[in-house]
Amino acid sequence: MGADPVTAKLRVALADDQALVRAGLKALLESFGDLAVVVEAVDGGELIEALRTTPVDVILSDIRMAGVSGPEALRRLRGAGNMTPTILLTTFDDSALLLEAVEAGAQGFLLKDAAPEDLHDAIATVARGESLLQPVATDPVRARYAYREQEAPKAHFSEREIAILRLLAGGYSNKEIARSIHLAEGTVKNYVSDILDKLETRDRTRAVLKAITLRVI
């Protein structure tokens, strides 16, 4: 979609159930000059409804909200074919929330006390189609999913495999990955199969978690 051709600003949807937090985030984002908050929602349900008629470039949503949570809204959006890049915000450095966000298909994760510049950079990064795969909570993830040395990957990963792993971490399907990196869907399926084999797991989510833990991505 890209930025609005008239204003050259990235269009952002903002969801948070705390009015003061939402107002503060909106003021912060619009102070940069290149972002415009065009959707505000008090929970994931209101966010989904608003996005039916108002397209955006990036979704910025709290993880925990009264009503429909950020990850649940994201799962529903992805299920409906809406692949708008999404950053989930969290108050606590909690690995369980990070894992939930990964599984829902978020491209980015940030603590609410992140520096303003980091938030701006994160929005610009996901708007370009990239994922933020080094969230602030990777250490708890690695601690929770500690692997023994013998469980390390049995082969090195190619640049193409690492790129596909990053897209898997963003929650993309084989078809979406194929479209993103200009390969046939069958070719991507073969790559994914090889990746799972190297990581010795049959599950895509587990493969991503293991790849993060082992610093493959």
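The values are calculated or read from the model by the stated rules, or taken from the named source; none is laboratory data. This one's a predicted model, so the numbers in the text were calculated from it and none came from an experiment. So basically every Cβ, Gly included, is an ideal-geometry build from the backbone, and we count neighbours across all protein chains shown.
Take residues that are over 20 Å from the mean Cα position of the chain (by Cα) and tell me which of the helices (runs of 4 or more DSSP H) falling wholly in segment 1-93 contain 1 or more.
Filter on segment 1-93 gives 19-31, 44-51.
To keep it simple, each residue is scored yes or no on (1) out of contact with any helix residue (DSSP H, G or I) (no Cβ under 9 Å at 6 or more places or on another chain); (2) of a type outside the set (Val, Ile, Thr); (3) modelled with pLDDT of 95 or more.
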{"position": "Val6", "(1), (2), (3)": "yes, no, no"}
{"position": "Ser31", "(1), (2), (3)": "no, yes, no"}
{"position": "Val58", "(1), (2), (3)": "no, no, yes"}
{"position": "Pro85", "(1), (2), (3)": "no, yes, no"}
{"position": "Leu89", "(1), (2), (3)": "no, yes, no"}
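Tallying residues that are in a loop (DSSP other than H, G, I, E, B) and under 21 Å from the mean Cα position of the chain (by Cα) within segment 183-195 yields 0. Here Ala137 meets the list (1) assigned by TED's automatic domain parsing to the domain that holds Phe32; (2) modelled with pLDDT under 80; (3) within 21 Å of Arg76 (Cα to Cα) almost entirely, failing just condition (3). For segment 173-195, filtered to residues that are surrounded by 14 or more Cβ atoms within 10 Å (Cβ to Cβ) and of a type in the set (Gly, Ala, Ser), the residue that is nearest to Glu130 (Cα to Cα) is Ser180. Residue count for segment 196-208 satisfying the condition of being surrounded by 18 or more Cβ atoms within 10 Å (Cβ to Cβ) and either part of a loop (DSSP other than H, G, I, E, B) or in contact with a Ser or Thr (Cβ under 9 Å, 6 or more places away or on another chain) (or both): 2. Just to be sure, is Leu51 under 18 Å from Gly108 (Cβ atoms) and surrounded by 23 or more Cβ atoms within 10 Å (Cβ to Cβ)? No.
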